[in-house]
Amino acid sequence: MVGEKAKSVNIDVMKIRIIQVGKTKDKYIEEGLAELVKRLKAFAKLEIVTLKEVAASKAFTREHCKDFEGKQILQNLQKDEVVILLDEKGREMNSVEFAGFLEKYVDEGREVVFVIGGPFGLSEEVKKKANATIALSKMTFTHQMVRLFLLEQIYRGFCIINGKEYHHE
């Protein structure tokens, strides 16, 4: 449990995938993501899957976009994965609580998949597949910024789990 004796995570067991809709377009976000991906290698095997984003138009409504993107997401989910959605209406946690949330799946040896939808959110079909839905804040961020914040919190969570000097109470 978080706060107890530090342990070392076996990266052969812990695998995290992030499924995201749309490319990261801002260079400063790409640079931050690259740094965090590098840091996370010490704790877990990380895979990032980027799916095609669909732009809304007169013929393609926001709901059509969510449905199309949702079908892509569902095609990339595996049967035994823990599916965690990022949504502004999800459960909020501080960093220590998130570390405990993550540690539960580390202890179980389960593969965790975080899903970040496109600018219009996630389809109802994807929401039905979720084991949990979390929010990074009550504030609204672009789906590209959420990628950076999520990776930072995953990294911070592993630091907390392993007793590393990255979180100050």
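The values are calculated or read from the model by the stated rules, or taken from the named source; none is laboratory data. These numbers were taken from a predicted model, which means no experiment stands behind them. Quick reminder, even Gly has a Cβ in these numbers, built from the backbone with ideal geometry, and neighbours come from all protein chains shown. For the accessible areas, the whole protein counts, side chains as well, though only heavy atoms, and no ligand, DNA or RNA atoms are used. Shrake-Rupley method; radii C 1.70, N 1.55, O 1.52, S 1.80 Å.
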Expressed to one decimal in nm², the mean projection of the alpha carbon convex hull of the range 1-141 is 9.3 nm²
Dipole magnitude of the chain about its Cα centre, charges +1 at Lys/Arg Cβ and -1 at Asp/Glu Cβ only, in debye to the nearest 20?
-> 340 debye
Got a sec? What order do Ser57, Ser123 fall in by accessible area at 1.4 Å, biggest, i.e. largest, first?
-> Ser57, Ser123
Could you list log10 I(q)/I(0) for the range 36-81 at q = 0.13 Å⁻¹, which the Debye formula gives when each Cα is one point scatterer?
-> -0.48
Sorting Met145, Gly163, Met14 by the position of each Cα along the dipole of the chain (Lys, Arg +1; Asp, Glu -1; all at Cβ), the one nearest the positive end of that ordering is Met145
extent check for the range 6-87: Cα max minus min per principal axis, descending, whole Å, gives 54, 35, 18
Give me the lysines in straight-line cross-link reach of Lys128: C-alpha distance below 23 Å, same-chain residues under 8 apart excluded.
-> Lys15, Lys52, Lys66, Lys71, Lys79, Lys89, Lys104, Lys138
What is the extension gain from Asp26 to Lys89, computed as 0.36 nm multiplied by their sequence separation minus the C-alpha to C-alpha distance, in nm to one decimal?
-> 20.1 nm
1.4 Å probe accessible area per residue over the chain, in Å² = 57 Å²
Rounded to the nearest 10 degrees, the helix 143-161 long axis (Cα) sits at an angle to the longest Cα principal axis of the chain of 20 degrees
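Rg to Rh ratio, the range 107-146, alpha-carbon atoms and Kirkwood radius?
1.00
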In Å, the Kirkwood hydrodynamic radius of the range 79-157 over pairs of distinct alpha carbons?
-> 12.9 Å
